[in-house]
Amino acid sequence: MAGFLLPLVGACTLGLLLTPWAGRLARHIGAIDRPDRRKVHTEPMPRLGGLAVYAAFTLTVLLTQPLSRELLGLLLGASLIVAVGLLDDARGLPPRVKLAGQVLAALAVIPFGLQVQFVTDPLHGGMLSLGWWGIPLTVFWLVAVTNAVNLIDGLDGLAAGTAIIAAVTLALVSWTEGEAAAVAVAAVLAAATLGFLRYNFHPARVFLGDTGSMFLGFVLAGTAIMGLAKSATAVSVLVPIVVLGLPLFDTAFAILRRARNHRPIFYPDKGHLHHRLLRIGLSHRGAVLVVYGVDVVLGASAVVLTLLSTDQAMLLLAILATVLIALANRVGVLGRDWTRAPDTMEATKRSGM
């Protein structure tokens, strides 16, 4: 037990110690997130906090974990995604360039054997081997989750807390599957992010930035592949989708909403779940805690999935999807584009931002 706890304590401590340094570095190089009408913060904020999470995670893994080919591949891909995030936070990158960098980082893990090998056969049960089709599916999964976590990073502590809950859930489910490497990676990620969250929960003193939100999404997606998506059990392949259900659904809703409003996919708006929670009257912390609560419910559901048959798991997934869609529709996530709504800033002021 002591051997397992030591890396977690170390990662959390490093996260605590390195975050103030990352904030000072951000101010020095001009990586500052400035307020605008789409954002809820009202003061310029340093946004390289994710660099502290990356450093705490990587140092702890290198010093305490056996370095398998898959883990080396994950570290390489994560380092590339952090490089893309640093450029975006410091200088700004066009969306297509940022997407190209994400695809490159995802492709980098393939030669190390980190890829999806099976998918669930919903008609006949069991699993279907993907062969070389596993490569584009792996790239799609890594890029999708990377962007999903990036898109929910709109309130203090939101992306970091969601990542912690997802990582803890992945660690628990990977433990039931006997995937020790995935357990360690997920647990260290949660610990490093927890150290950072001390400075990021409302009122935040530093932001993750794209450096951190993309890093968290990439490592969560990669860890899911290490621990679950290579398993030959159908239910295990479904678990990562549930664990990361909220950011994935929010991203899907954003795409639908922007298409509905005739906006480009990369067009920023203020219709994400956390924005809508603020609009209906929740405080900043209240909105974040509501999202945390949904994350915990989904995490618990993911654990339950491992105890069910494939048919039962599919039924639970259908129920969860129906509930999430109903809730999204209830709070207006699928509604019109609020970016240009005249009362957007007034709603933000009423929320205490």
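Some values worked out for this structure:
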{"item": "Accessible area expressed per residue, the range 40-122, with surrounding protein chains retained (probe 1.4 Å, Å²)", "result": "43"}
{"item": "Paramagnetic label zone (point 7 Å from Cα along Cα-to-C-beta, residue 297; backbone N under 13 Å) in the range 318-332", "result": "319-331"}
{"item": "Segment residue 304-residue 100, length gained on full extension (0.36 nm per residue, minus Cα span)", "result": "69.8 nm"}
{"item": "Amide proton proximity set for residue 308, modelled H, under 5 Å, gap of 5+", "result": "none"}
{"item": "Difference of contour (0.36 nm per residue) and Cα-Cα distance, residue 259 to residue 137", "result": "41.6 nm"}
{"item": "Label-point separation, residue 312 to residue 176 (7 Å along Cα→Cβ), nm", "result": "1.0"}
{"item": "Shape call, the range 14-110: gyration tensor on alpha carbons, a/c limit 1.5", "result": "oblate"}
{"item": "Sites residue 130 and residue 34 - FRET efficiency at Förster radius 30 Å, r taken between beta-carbons, to 0.05", "result": "0.10"}
{"item": "Karplus-derived HN-Hα couplings along the range 57-74 (A = 6.51, B = -1.76, C = 1.60, θ = phi - 60°), whole Hz, x at Gly and Pro", "result": "5, 5, 4, 5, 5, 5, 8, 10, 10, x, 8, 6, 4, 4, 5, 4, x, 4"}
{"item": "In nm, spacing of pseudo-spin labels at residue 327 and residue 65 (7 Å Cα→C-beta vector)", "result": "2.9"}
{"item": "Gyration tensor (alpha-carbon) shape descriptor, the range 140-183, a/c threshold 1.5", "result": "oblate"}
{"item": "Residue 252-residue 289 pseudo-label distance in nm [points 7 Å out on the Cα-to-Cβ vector]", "result": "2.9"}
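The values are calculated or read from the model by the stated rules, or taken from the named source; none is laboratory data. Just so you know, these numbers come straight off a predicted model, no measurement behind them. For neighbour counting, all protein chains shown are included, and Cβ atoms are generated from backbone atoms with ideal geometry for every residue, glycine included. Quick note on the areas: whole protein, heavy atoms, side chains included, nothing else; ligands and nucleic acids left out. Shrake-Rupley method; radii C 1.70, N 1.55, O 1.52, S 1.80 Å.
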